[in-house]
Amino acid sequence: MAEQHDVEIALLRLKDAHDLAPLLAAYAQALKRGAPRRPDEFYAEGLLQDRTAEVMGARLDGELVGFTIFTDLPDPVTGLRCGQVDHVYVHHDHRKKGIAKALVDLLADQAEDRGWSRLVLNAPRQPEDGRKLYEQIAVPADWTSFMIRFDAAK
């Protein structure tokens, strides 16, 4: 029989930086591979105080196990606004429990209150894990993204 867990999802605040730092380090390590990064509480505090990004966290039985980083942007085509999710992460010990989908669903549920015409879901090409969820719950966007790198990391 499957275990029941109490999942709470809410915007993270400055007081949550200590819990967020290890997840940010694990997320960076999952994307870049190599040696695990050291949790950086100072960076987590800065992220949680960012003027443009918001961070939603998922707690499972009180433990922070996942997050999404998103922004609220103007949409000049519709005259409304749109949400944009650039990062979703759930700790590997807690995957396949519907937590990432619950994070995205909660943002989608807030679309009307936030005046969003759409919620854009960006995912890295590798690893494919993130894209699999988006392919199940969303449609391909009408555009392709490109980037110009300004750092030495490739």
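For the stretch 49-65, filtering for residues that are over 18 Å from His92 (Cβ atoms) and either outside any strand (DSSP E or B) or free of Cβ contacts under 8 Å to residues at least 40 places away in the same chain (or both) leaves 6.
For first residues located in the stretch 19-48 and closer than 20 Å to Leu60 by Cα, partners that are at pLDDT below 95 and of a type in the set (S, T, N, Q) and lie 6+ apart or on another chain with Cβ distances below 7 Å do not occur. Counting the residues of the stretch 57-93 that are of a type in the set (Gly, Ala, Ser) and closer than 17 Å to Asp105 by Cβ gives 4. Give the residues of the stretch 61-79 that are at pLDDT below 95 and hydrophobic (A, V, I, L, M, F, W, C), sorted by residue number. Correct list: Val77 only. When you scan the stretch 69-76, do you find a residue that is at negative phi and surrounded by 19 or more Cβ atoms within 10 Å (Cβ to Cβ), even just one? Looking for residues that are at negative phi and surrounded by 19 or more Cβ atoms within 10 Å (Cβ to Cβ), one finds at least one in the stretch 69-76, hence yes. Scanning the stretch 98-109 for residues that are of a type outside the set (A, V, I, L, M, F, W, C) and in contact with a Leu (Cβ under 9 Å, 6 or more places away or on another chain) yields a total of 1.
The values are calculated or read from the model by the stated rules, or taken from the named source; none is laboratory data. Quick caveat: nothing in here was measured; it's all calculated off a predicted structure. Using ideal geometry, Cβ is built from the backbone for each residue, glycine included, and neighbour counts are taken over all protein chains shown.
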